[in-house]
Structures are given as structure tokens and as C-alpha cells.
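Asks: Below you'll find the structure I mean.
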Amino acid sequence: MSAIGSLVFCTDCGNLLDSSSGQQQTTLVCEVCGAKCKDASAKTITTQSKPDAFPSSLRDKRSDVQTLTEDDMETSAKIRETCPKCGREEVFYYTKQLRSADEGSTVFYTCKEGCGYKWNTNN
């Protein structure tokens with residue numbers, strides 16, 4: 001039998017032996033060819049990796065204190081809708097479910113790049 005880590009293979013036919021216990025006094029029998037040999041696998045395999053072994057842009061950005069800007073919290077999107085106050089043709093919007101689930105959501109509009117006017121509609 002030959003061992004690679006915790007896997008033990010039959011040296012006669014190459015079959016993977018699945019009854020390895022890691023104890024050398026144990027005799028393993030190959031189910032394919034019937035060969036017998038002592039268990040040669042390692043008892044325990046422990047691996048450890050340092051955090052820098054696997055670089056991560058998320059881990060680099062992580063800190064105990066997060067600083068958010070107004071742009072980070074931006075949840076609205078731009079839409080072609082006319083502002084009723086200044087007439088600008090593109091405004092920002094977001095939707096929110098304010099009423100029961102079987103009713104439409106409320107759309108909130110903001111003319112951020114124009115006059116700053118806000119309004120909403122119920123769908």
C-alpha cells in the first residue's frame with residue numbers, strides 16, 4: 001500500500017482504500033485484488049494558511065471604523081422624467097413599499113441636479 005497524505009492506495013492495482021484509520025498496526029485489504037498491507041497513512045493532517053497567502057481586496061478595505069460618504073449611500077437611479085418645478089428632463093428616483101404587499105410601491109423623485117424639488121407618486 002502507498003499513502004499520499006491521508007489517502008491510501010493499493011500498490012498492486014492502484015485502488016483507493018477507504019478504510020484507513022491512521023494506525024500502522026491495522027491491516028488493510030484491497031477489495032479489488034485482495035492484497036493485504038499495514039496502514040501507511042498519516043494519522044492527522046493539519047494545514048494552516050496565513051491571511052496574506054490569499055490576497056483579498058475586501059480584506060484590505062475592512063477596518064474597525066467605516067467612513068461612508070454621501071455617494072456611498074446613494075440608492076437612487078436616474079430616469080427621464082420632467083421636474084414639475086423647473087422642467088429639467090432627468091431626475092433621480094427610488095421606490096419603496098409603504099403600503100400592503102398586494103398594492104403598488106411608492107416612487108420618490110428628486111431633482112438633484114436642478115432645483116432640488118422632491119415629489120412622489122403611488123403606483
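The values are calculated or read from the model by the stated rules, or taken from the named source; none is laboratory data. Small disclaimer: the values here were computed from a predicted structure and weren't measured. Note: ideal-geometry Cβ built from the backbone for every residue, glycine included; neighbour counts use all protein chains shown. Side chains are part of the model used for accessible areas, which takes the heavy atoms of the whole protein and leaves out ligands, DNA and RNA. Shrake-Rupley method; radii C 1.70, N 1.55, O 1.52, S 1.80 Å.
Asks: Do the conditions hold for residue 60, that is, is it open to solvent by 100 Å² or more (accessible area, probe 1.4 Å) and in a loop (DSSP other than H, G, I, E, B)?
Replies: Taking the combined requirement at face value, the residue does not satisfy it.
Asks: If you go through region 66-77, how many residues are open to solvent by 100 Å² or more (accessible area, probe 1.4 Å) and closer than 15 Å to residue 116 by Cβ?
Replies: The qualifying residues number 1.
Asks: Are there any pairs, at least 6 apart or on different chains, whose C-beta atoms fall under 6 Å, with the first in region 84-102 and among the hydroxyl-bearing types (Ser, Thr, Tyr) and the second open to solvent by 100 Å² or more (accessible area, probe 1.4 Å), and if so, which?
Replies: Close Cβ pairs (under 6 Å, with a partner that is open to solvent by 100 Å² or more (accessible area, probe 1.4 Å)) amount to 94/75.
Asks: Here's a follow-up. When you scan region 85-110, how many residues do you find that are under 17 Å from residue 122 (Cα atoms), open to solvent by 90 Å² or more (accessible area, probe 1.4 Å), at pLDDT 90 or above and not polar (S, T, N, Q)?
Replies: So the count comes out to 3.
Asks: If you don't mind, another one. Taking the conditions exactly as written (among the charged types (D, E, K, R), outside any loop (DSSP other than H, G, I, E, B) and open to solvent by 100 Å² or more (accessible area, probe 1.4 Å)), does residue 52 satisfy them or not?
Replies: It is true that residue 52 is among the charged types (D, E, K, R), outside any loop (DSSP other than H, G, I, E, B) and open to solvent by 100 Å² or more (accessible area, probe 1.4 Å).
Asks: Go through region 27-46 and give me each residue that's modelled with pLDDT under 75 and exposed (fewer than 13 other Cβ atoms within 10 Å of the Cβ).
Replies: 38, 43, 44, 45, 46
Asks: Checking residue 17 against (1) hydrophobic (A, V, I, L, M, F, W, C); (2) over 26 Å from residue 111 (Cα atoms); (3) modelled with pLDDT of 80 or more, only one condition comes out false. Which one?
Replies: Just one mismatch for residue 17, condition (3).
Asks: Please specify each residue of region 71-103 satisfying the condition of being among the small types (Gly, Ala, Ser) and in a loop (DSSP other than H, G, I, E, B).
Replies: 76, 87, 100, 101
Asks: So residue 122 passes all but one of these: (1) of a type in the set (S, T, N, Q); (2) open to solvent by 80 Å² or more (accessible area, probe 1.4 Å); (3) under 33 Å from the mean Cα position of the chain (by Cα). Which condition number does it fail?
Replies: Here residue 122 clears every test but (3).
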